[in-house]
Each structure stands twice: as structure tokens, then as C-alpha cells.
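Worksheet for the structure shown next.
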Amino acid sequence: MDLCNQLPSPVGLSRQEILQLLLKEEYGFLPPAPKALEVEETGYNKRFCAGKAPLRELKFTAHCDFGDFSFPARYFCPKSEEKVPCVVLINFRPDVPDMYLPAEEIADQGHAVLSVCYKDVSSDDGDFTNGLAGLVYPDGKRQPDQCGKIGLWAWAAIRLLEYALTLPELDHSRISVAGHSRLGKTA
């Protein structure tokens, strides 16, 4: 039951109106979804977490109207007879495990993780010429209603979420998105 949709808005606006206001005034509008998304396995470590949760290195390629964009991600899922919950993690580093991603402990609790490093999407600065920013804003400048770096990182996390929803080993009703600090705002 989604309580947010049932509660009256404190300002008399609908949920959709509040979302549009946040996008216009705070976050900016995200780039459009890709026309197609390809995911390629580029590495596999069957011994990860002592063989309890194999690690897959993935390459995501989004085919968009503004061009093709590729970025890496990492995925581990504990071996289980039942579907497992998953966390899509926007991380500060690409390493798995990492101080922000205690992989074996998470796998031991029966959770999968699909992780992306924000730097593999676009740098955390005012440079809008690198990574995804370079494709979305080819002149290196963004309009006031377009998203900044947080929105670009969120756009990539959405691609991971879409992919997670195709994986039969995951419990699709128990997928969350997480990050820390600016990446928490991104989540």
C-alpha cells in the first residue's frame, strides 16, 4: 500500500505536481531513457565470497538519441533456492568489496548488490564535457532546467534498476537503491 499517494498534500498540490516542481526548481529534468540497453558480461569470478556469491563484471551500453554511452558495473548474488532482495548501489569507488560495500557480509545476509561507481558515469565537478555529461550536453553547458551531475548519476542507476528487474534470481518486490552523502541524494 502506497501511503504517499493516499495522504493529502500539505500544500494542496498533487504528488505529480510536487515532483514536477522539484525537477524544475531543484534537480533538473533527467535525459530521456535510452531506446535500447545492452548488458555484456566482461568478467566472472566464481570464487568470490568463497564461492557463495559469484561476482560478475558488466558493461552497460545505452543507445540514446544523444548517442551511445557505456559504463561498467559489478553484480554479485548469493547462491539461493529462493529469489533474493537486491540493492542497486551508487558507490564512490568501483571496488567490490569496498569499505562502503562489505560484500561477503551482505551476501551472507542473502542480499544481492548491483554497484556502479559515479565516476564511471561523470566526474563530480563543473566539467560537463566528460562521460555521460559530454553526450547529453555536447557544448559543455546545461540549461537551467536540465539535471546536473546528481541527475546523470541517477540516470545510470535507473539503468541498473531496469536491468535488475530482468534478473530471475532477484525478488523484484524487494529491490532498493542506495548511496551515501551526495550519492544518497542521487539514490
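The values are calculated or read from the model by the stated rules, or taken from the named source; none is laboratory data. Predicted model only: the values in this text are computed from it and were never measured. Here the Cβ positions follow ideal geometry from the backbone for every residue, glycine too, while neighbour counts run over all protein chains shown. Remember, those area values only see protein heavy atoms, side chains included, never the ligands or the DNA or RNA. Shrake-Rupley method; radii C 1.70, N 1.55, O 1.52, S 1.80 Å.
A few remarks follow.
- So K46, is it without any contact (Cβ under 8 Å) to a residue 12 or more places away in the chain and within 19 Å of P72 (Cα to Cα): yes
- Test: F71 is within 30 Å of L135 (Cα to Cα), among the aromatic types (F, W, Y) and at pLDDT 95 or above: yes
- Yes/no for D145 being touching a helix residue (DSSP H, G or I) at 6+ places or on another chain (Cβ under 7 Å) and in contact (Cβ under 8 Å) with a residue 12 or more places away in the chain: yes
- Hey, V136 among the β-branched types (V, I, T) and under 19 Å from E40 (Cα atoms) or not: no
- When V96, V87, V113 are checked against the criterion of being closer than 26 Å to S173 by Cα, of a type in the set (V, I, T), out of contact with any Phe, Trp or Tyr (no Cβ under 8 Å at 6 or more places or on another chain) and in contact (Cβ under 8 Å) with a residue 12 or more places away in the chain, a single residue qualifies: V87.
- Among residues of segment 85-112, those that are in a loop (DSSP other than H, G, I, E, B) and acidic (D, E), counted: 1
- Candidate set from segment 12-48 (those that are more than 20 Å from C147 (Cβ to Cβ) and among the β-branched types (V, I, T)); member that is surrounded by the fewest Cβ atoms within 10 Å (Cβ to Cβ): T42
- Condition check for G51: open to solvent by less than 60 Å² (accessible area, probe 1.4 Å), small (G, A, S) and at pLDDT 95 or above: yes
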